[in-house]
Amino acid sequence: MPALFVFGDSFVDTGNVPYLTKQGAPFPYGTSPRNEYVVSGRFSNGLILPDYLSQMLGLSALSHPFLEPNASWYYGCNFAFSGSGALQAGTNPGPLPEQTTAFKDFVGNATLYWRNVQQSGFSSELSVVPRYPRPEFFAGGLYLIVIGANDVLPIRGNMSIVNDVAASLQSTLQTIYNLGGRNFVVASPIDFGCIPFAINGNKGFCTNWEEAISSALGEAYRSLLASLQTKLSGATFLYLDLYNLTRTNSSNAQPLGFPEPHRACCGAGGPANIDAQCGTPLATSCIDPGRHVYWDNIHFSTDFASALAREIFAGNTYIRPKNVMQAFVLPQLEATFASLEGRI
């Protein structure tokens, strides 16, 4: 796949909000365990899901934010904003409709860029990495969308918001499709009732309301994707079931094999270790982040993000109906080989 395009919130934002506010997440956020990359701007202790997925696709080592100065987006672009939701609500920057508009402008800029390249007489093999993806990359690329947490978490008791969030997601998917996108991975919400934030405020127990709305929103997403699969010719929609992946029970006591599913690695005090939140003076980092699903009160550890990327790329439990390798990578390779054989 030639490119990765990302939409969503802080689960997948690789730096747009810090570039916008000129202020990154405080230490120890971004402290890569193996020091391979500069990862400031990410709400984790290292790389996050889009970075790992980009690497698995053989693209760039990092998922570059839309607001990154002088970036090359040849292998894709990240439009996600921390704090954003699917709806135009509140004061948080970059809700999904604005991300969609930014992508529309981005496609136009890419088209103009390559038109100018051709008119200037440059060869197809440029001496530097181009700034924008080639126009055909938008059809062959992968679109990852993770959204919904900031819509439902602040509004306790309002189940009707589920339909509004799903409608906004549908609008974005339709717009991307109209602009050429065909390959989609859409994630359900995680189980918000069992994140460290919820458990810490409920004496160490999961919360029923947050579990219920997480389940309802996930079902709305699943139903939407099934409907669009029958309506949008040539498109393929994969559903990442983050709700059941992060919902612990007797058959899933250790999500993706991680033995600490509810307690934050970074923080201090309380049932889930977040009485003092990560980045504040009293907070500390655990010595074994690789055992933890969550780095802080809600965001994944970098090791869990890596495992999640592997599930999306080649797993068979929480990515449906196929994984990225089966649905997109192998068919594109087969088409390429068939084309080459036809020329011999």
Original post:
With charges only on Cβ, +1 for K and R and -1 for D and E, what is the dipole size of the chain about its Cα centre, in debye, rounded to 20?
Top reply: 380
**OP:** For Lys231, go through the lysines and keep the ones whose alpha-carbon is under 21 Å away, minus same-chain ones fewer than eight residues off.
**Re:** Lys322
Original post:
At what distance in nm do the modelled label points of Ser40 and Gln174 sit from each other, each positioned 7 Å from its Cα along Cα→Cβ?
Top reply: 4.2
Subject >> 37 °C / 0.692 mPa s Stokes-Einstein diffusion coefficient of region 61-211, Kirkwood radius on C-alpha pairs, µm²/s >> reply: 187
Original post:
Using helices alone, what [θ] at 222 nm do you get for the chain, with -39,500 (n - 2.57) per DSSP H run of 4 or more residues, divided over all residues and rounded to the nearest 500?
Top reply: -11000 deg cm²/dmol
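Please tell me the relative contact order of the chain in percent, rounded to the nearest whole number, where contacts are Cα pairs under 8 Å and at least six residues apart.
About 17 percent, as a whole number.
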Subject >> In nm, spacing of pseudo-spin labels at Ser223 and Gln23 (7 Å Cα→C-beta vector) >> reply: 4.1
Original post:
Can you give the angle from 0 to 90° between the axis of helix 208-231 and the longest principal axis of the chain, with both taken from C-alpha atoms, to the nearest 10?
Top reply: 20
Subject >> Ordering of 215-227, 8-20 by burial proxy (mean other Cβ atoms within 10 Å per residue, highest first) >> reply: 8-20, 215-227
Original post:
Taking Lys22 as the anchor, which lysines have their alpha carbon closer than 23 Å to its alpha carbon, excluding any fewer than eight residues away along the same chain?
Top reply: none
Subject >> Per principal axis, descending, Cα span of the chain in whole Å >> reply: 66, 41, 39
**OP:** Give the residue from Phe103, Pro133, Thr336 lying farthest towards the positive end of the charge dipole for the chain; charges sit on Cβ (+1 for Lys and Arg, -1 for Asp and Glu) and the dipole is referred to the Cα centre.
**Re:** Thr336
Subject >> FRET efficiency for Asn116 and Glu136, using Cβ-Cβ distance with R0 set to 22 Å, rounded to 0.05 >> reply: 0.85
Subject >> Angle in degrees between helix 330-343 and the longest Cα principal axis of the chain, rounded to the nearest 10 >> reply: 10
Original post:
What are the ³J(HN,Hα) values, in whole Hz, obtained from phi via the Karplus relation 6.51 cos²θ - 1.76 cosθ + 1.60 with θ = phi - 60°, for each residue of region 312-327 in sequence order, with x given for Gly and Pro?
Top reply: 5, 6, 9, x, 8, 10, 10, 10, 9, x, 9, 9, 5, 4, 6, 7
Subject >> Positive dipole terminus of region 4-343, leading residue within Asn16, Gly148, Leu169 (C-beta point charges) >> reply: Leu169
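Every read-out reported here was derived from the displayed coordinates using simple, explicitly stated rules and does not represent laboratory data. Owing to the predicted nature of the structure, the values given are computational and were not obtained by experimental measurement. Counting neighbours? That spans all protein chains shown, and the Cβs are built from the backbone with ideal geometry, glycine included.
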